[in-house]
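Here's the structure, in structure tokens; my notes come after.
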Amino acid sequence: MEFQVLVYVVLYYGTLALTVWAFADALVRPAAGYVAAGKLTKPAWLGITALAALIIFATKSPMSLFGLPAVIAAVVYLVDVRPAVRGLRRGNTGW
């Protein structure tokens, strides 16, 4: 296998995994956490991350006109929204 093809395949599967991870994480976070953190709502982030994963899967090109914004959207979720929503406590967890 040629080196460029190998790099492209690794890049494709890596970005596909990244976007699917962002969607799965958005799915399991409580909806109230998004509002409490001052972020877009849970349905909005589910739509954004699902569309990102679908674009990467359908185009098979993370470096295309639509692929790059899809990857950026997933990265924004993972580095900005996820830590904010994850940092909030659920209910009365103190002792």
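A few remarks follow.
- Matching residues, region 11-44, being more than 9 Å from Val85 (Cβ to Cβ), aromatic (Phe, Trp, Tyr) and touching a helix residue (DSSP H, G or I) at 6+ places or on another chain (Cβ under 7 Å): Phe23
Yes or no, residue by residue, for (1) among the basic types (Lys, Arg); (2) more than 22 Å from Leu88 (Cβ to Cβ); (3) in a loop (DSSP other than H, G, I, E, B):
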{"residue": "Val9", "(1), (2), (3)": "no, yes, no"}
{"residue": "Gly14", "(1), (2), (3)": "no, yes, no"}
{"residue": "Leu18", "(1), (2), (3)": "no, yes, no"}
{"residue": "Leu40", "(1), (2), (3)": "no, no, yes"}
{"residue": "Pro43", "(1), (2), (3)": "no, no, no"}
{"residue": "Thr49", "(1), (2), (3)": "no, no, no"}
{"residue": "Ala53", "(1), (2), (3)": "no, yes, no"}
{"residue": "Ile56", "(1), (2), (3)": "no, yes, no"}
{"residue": "Pro69", "(1), (2), (3)": "no, yes, no"}
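- Considering only residues in region 31-54 that are among the hydrophobic types (A, V, I, L, M, F, W, C), more than 10 Å from the chain's Cα centre (by Cα) and surrounded by fewer than 17 Cβ atoms within 10 Å (Cβ to Cβ), the one that is nearest to Val71 (Cα to Cα) turns out to be Leu54.
- Scanning region 59-79 for residues that are at pLDDT 95 or above and farther than 16 Å from Val10 by Cα yields Pro69, Ala70, Ile72, Ala73, Ala74, Val75, Val76, Tyr77, Leu78, Val79.
- Subset of region 15-30 that is exposed (fewer than 15 other Cβ atoms within 10 Å of the Cβ) and in contact (Cβ under 8 Å) with a residue 12 or more places away in the chain - its residue that is farthest from the chain's Cα centre (by Cα): Pro30
- Pairs where the first residue, in region 31-42, is under 13 Å from Tyr77 (Cα atoms) and the second is aromatic (Phe, Trp, Tyr), C-beta under 8 Å, 6+ apart: Tyr34/Trp45; Lys39/Trp45; Leu40/Tyr34; Thr41/Tyr34; Lys42/Tyr34
The values are calculated or read from the model by the stated rules, or taken from the named source; none is laboratory data. Predicted model, so just to flag it, every value in this text is computed and none were measured. Because the Cβ atoms are built from the backbone with ideal geometry, glycine has one as well, and the counts that use them run over all protein chains shown.
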